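None of the figures in this text is laboratory data; all of them are computed from the coordinates on show. Small disclaimer: the values here were computed from a predicted structure and weren't measured. Don't worry about glycine lacking a Cβ; one is built from the backbone with ideal geometry, like all the others, and counts go over all protein chains shown.
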């Protein structure tokens, strides 16, 4: 018995949808609660391969935990790798806070001087550091969870930032 043309179209559309919008955890890594994005305003392109450091500055937990990452081809960091003796992840630190109202202070530092120098461009900034406060705790989907996205528009002589979504 042959299937109806409408069924074949529906099945084909579902197949295409799965190809362009995968939901498998094997194909998409979950993002950390703190992410960043850097755009190079000199070229109008993402700042790919830019070293970035995230540091816990203060809060009810022990400060000083550091994490590193390198921006991807889109200039984004979605996940952080612990540095040194720190074994806790960013989500684990935030999940361990007392309440959903708890605040922690963080710093994200972009190593722009060496990055521009490697491209043969002189930069006024050896690094760009953005300090910010995170309010909340938990894991994505749980009470108290919030996502903090720190975008930076970066040039060799200027930068700006804002709280992204």
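Values as computed for the structure displayed
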| item | result |
| --- | --- |
| Hits in the range 88-108 - residues which are surrounded by 17 or more Cβ atoms within 10 Å (Cβ to Cβ), out of contact with any helix residue (DSSP H, G or I) (no Cβ under 8 Å at 6 or more places or on another chain) and in a strand (DSSP E or B) | 106, 108 |
| Evaluation of residue 149 against (1) under 19 Å from residue 31 (Cβ atoms); (2) part of a loop (DSSP other than H, G, I, E, B) (one fails), failing number | (2) |
| Subset of the range 43-82 that is touching a helix residue (DSSP H, G or I) at 6+ places or on another chain (Cβ under 8 Å) and in a strand (DSSP E or B) - its residue that is surrounded by the fewest Cβ atoms within 10 Å (Cβ to Cβ) | 51 |
| So residue 133, is it in a strand (DSSP E or B) and surrounded by fewer than 18 Cβ atoms within 10 Å (Cβ to Cβ) | yes |
